[in-house]
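Down below is the structure, laid out as structure tokens.
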Amino acid sequence: MTTVTLGLTSKFDSFKPDLLLIDEACQCLEPAVLLSLRYNPATVVMIGDHMQLPAVVMSDNADKTKFSRSMF
């Protein structure tokens, strides 16, 4: 499941994870990770390679507001 899907659906409102594992974390934007953190997991593990592709954002406004940054 993606971080955005997990954060935007009410289907998981009772979801109480012990562990949140985020793969390709270098491509994951801060807002997407923050959406997933609303479930208050005990542990968060972010896996990624900072030498690979960065997060892709096609919005000048996102660049100006720093929403194009990777959480990693």
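The values are calculated or read from the model by the stated rules, or taken from the named source; none is laboratory data. What you see is a predicted model; the values in this text were computed from it and never measured. Methodologically, a virtual Cβ is constructed for each residue, glycine included, from the backbone with ideal geometry; neighbour enumeration extends over all protein chains shown. Heads up: the accessible areas ignore ligands, DNA and RNA and are worked out on the full protein's heavy atoms, side chains in. Shrake-Rupley method; radii C 1.70, N 1.55, O 1.52, S 1.80 Å.
Each other residue within a Cβ distance under 13 Å of Thr3 adds +1 if Lys or Arg and -1 if Asp or Glu, for a net charge of -2.
Taking the protein heavy atoms of the chain in the context of the full set of protein chains, the accessible area attributed to carbon and sulfur is 58 percent at 1.4 Å. Under 13 Å of direct C-alpha separation, and excluding same-chain neighbours fewer than eight residues apart, Lys66 reaches these aspartates and glutamates: Glu30. Restricting to Cα pairs below 8 Å that are 6+ residues apart, what does the relative contact order work out to for the chain? Please round to a whole percent. Here the relative contact order equals 38 percent. Restriction of the trypsin sites (Lys or Arg not before Pro) in the chain to DSSP coil positions whose beta-carbon has at most 11 other beta-carbons within 10 angstrom yields Lys66. The residues of the chain expose on average 73 square angstrom of accessible surface per residue, using a 1.4 Å probe on protein heavy atoms. Over the chain, dividing the summed -39,500 (n - 2.57) contributions of all DSSP H runs of at least 4 residues by the number of residues returns a 222 nm mean residue ellipticity of -5500 deg cm²/dmol. Largest GNM mean-square fluctuation across Leu35, Leu20, Leu53, computed for the chain with C-alpha springs under 10 Å, falls on Leu53. Only protein heavy atoms count here; under a 1.4 Å probe, Ser59 has an accessible surface of about 40 Å². The C-alpha radius of gyration of the chain, expressed as a fraction of 2.2 N^0.38 Å, stands at 1.14.
Shown are Val33, Val45, whose ranking by accessible area with a 1.4 Å probe and every protein chain present, most to least, is Val45, Val33.
Overall, the chain carries a charge dipole of about 240 debye about its Cα centre when +1 sits on the Cβ of Lys and Arg and -1 on the Cβ of Asp and Glu, all other atoms neutral.
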